[in-house]
1. Please state which one of 174, 107 is closer than 30 Å to residue 187 by Cβ, modelled with pLDDT of 90 or more and assigned to a helix (DSSP H, G or I).
2. Pick from 307, 318, 276: which is crowded, with 18+ Cβ neighbours inside 10 Å and either at pLDDT below 90 or at positive phi (or both)?
3. With the checklist (1) over 43 Å from the mean Cα position of the chain (by Cα); (2) surrounded by 11 or more Cβ atoms within 10 Å (Cβ to Cβ) in hand, flag the one item residue 167 doesn't pass.
4. All but one of (1) over 15 Å from residue 296 (Cα atoms); (2) assigned to a strand (DSSP E or B) hold for residue 259; state the number of the condition that does not hold.
5. Before we move on, is residue 259 surrounded by 14 or more Cβ atoms within 10 Å (Cβ to Cβ) and modelled with pLDDT of 90 or more?
6. Could you check the range 170-189 and list, in sequence order, the residues that are exposed (fewer than 15 other Cβ atoms within 10 Å of the Cβ) and in contact (Cβ under 8 Å) with a residue 40 or more places away in the chain?
């Protein structure tokens with residue numbers, strides 16, 4: 001992470017150790033001290049056990065998950081637009097029903113007023129013929145007639161309010177239809193038939209397990225059999241000095257003697273002799289019960305010159 005106003009990266013260490021058992025400064029020193037060892041182990045695994053080697057893999061065809069996820073996201077957008085369009089349509093339907101209700105209401109009112117105007121006019125004329133008072137009858141007739149004349153204007157005014165509310169909805173509806181078509185087209189354009197393969201890493205995983213086993217076996221051998229001269233050799237060095245060392249095997253009825261080829265340098269020979277002595281002290285036995293012994297040859301023995309009787313005097317004395 002970086003502090004505010006700084007470009008320098010800083011490491012953040014976290015632990016679940018209780019505070020009363022491990023202070024912050026102690027935790028920092030502990031992890032920093034372990035880091036070197038961890039890096040050494042990783043480097044030893046990579047160099048000695050070929051940790052970065054790719055041992056090959058098979059592949060198998062699978063559904064194109066990338067295209068499926070892409071289409072799913074586009075279909076989500078399509079669903080959103082469809083919901084928006086449905087909501088818009090519902091609002092328009094409500095306003096259309098309101099429009100029809102207003103028109104029906106005013107039509108009924110107009111029919112009532114026409115009938116009332118006719119009745120009031122007939123009443124006025126009858127009173128006029130009979131010579132009775134016609135002032136109030138005339139006022140009622142003129143009032144109903146005026147209301148009938150104003151009715152279309154009131155109806156149109158109320159309808160205009162509803163149409164004004166419908167206009168932006170209709171515009172938005174057109175935009176939603178256009179957007180829906182574009183999103184459906186984009187979703188349908190995703191190619192789900194494009195081949196996609198998945199790596200089967202089982203072989204690499206098996207080799208990784210064997211590599212880790214090899215490294216751990218080296219640690220076991222170094223801890224139990226290597227002497228002080230070889231106590232700090234890593235796997236790569238031990239492979240050159242011991243694990244890939246040339247030699248011969250002499251088979252007896254009760255034991256197997258592994259003869260390592262001579263070493264060029266005295267310090268290497270000394271470390272090998274210490275290792276042989278430690279190994280022979282443990283009296284390790286093979287699967288058939290025969291004792292396994294290690295020795296180091298003093299000089300190189302060719303295949304033609306090799307024989308068990310002559311070999312006995314050419315080995316350093318590594319037996320206890």
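The values are calculated or read from the model by the stated rules, or taken from the named source; none is laboratory data. For clarity, every value in this text was computed on a predicted model and none was experimentally measured. Positions of Cβ are generated from backbone atoms using ideal geometry, with glycine treated the same way; all protein chains shown enter the neighbour counts.
1. On the way: 107 fails: closer than 30 Å to residue 187 by Cβ.
Result: 174 is the single residue among 174, 107 that is closer than 30 Å to residue 187 by Cβ, modelled with pLDDT of 90 or more and assigned to a helix (DSSP H, G or I).
2. Working: 307 fails: crowded, with 18+ Cβ neighbours inside 10 Å; 276 fails: either at pLDDT below 90 or at positive phi (or both).
Just a single option satisfies the conditions, and that option is 318.
3. It fails just one condition, (2).
4. (1)
5. Values: surrounded by 14 or more Cβ atoms within 10 Å (Cβ to Cβ): yes; modelled with pLDDT of 90 or more: yes.
Yes; evaluated as a whole, the condition is true for this residue.
6. Let us first name the residues in the range 170-189 that are exposed (fewer than 15 other Cβ atoms within 10 Å of the Cβ), namely 170-171, 174-175, 177-178, 181-182, 185, 188-189.
If the condition is that a residue be exposed (fewer than 15 other Cβ atoms within 10 Å of the Cβ) and in contact (Cβ under 8 Å) with a residue 40 or more places away in the chain, then 170, 177 are the ones that fit.
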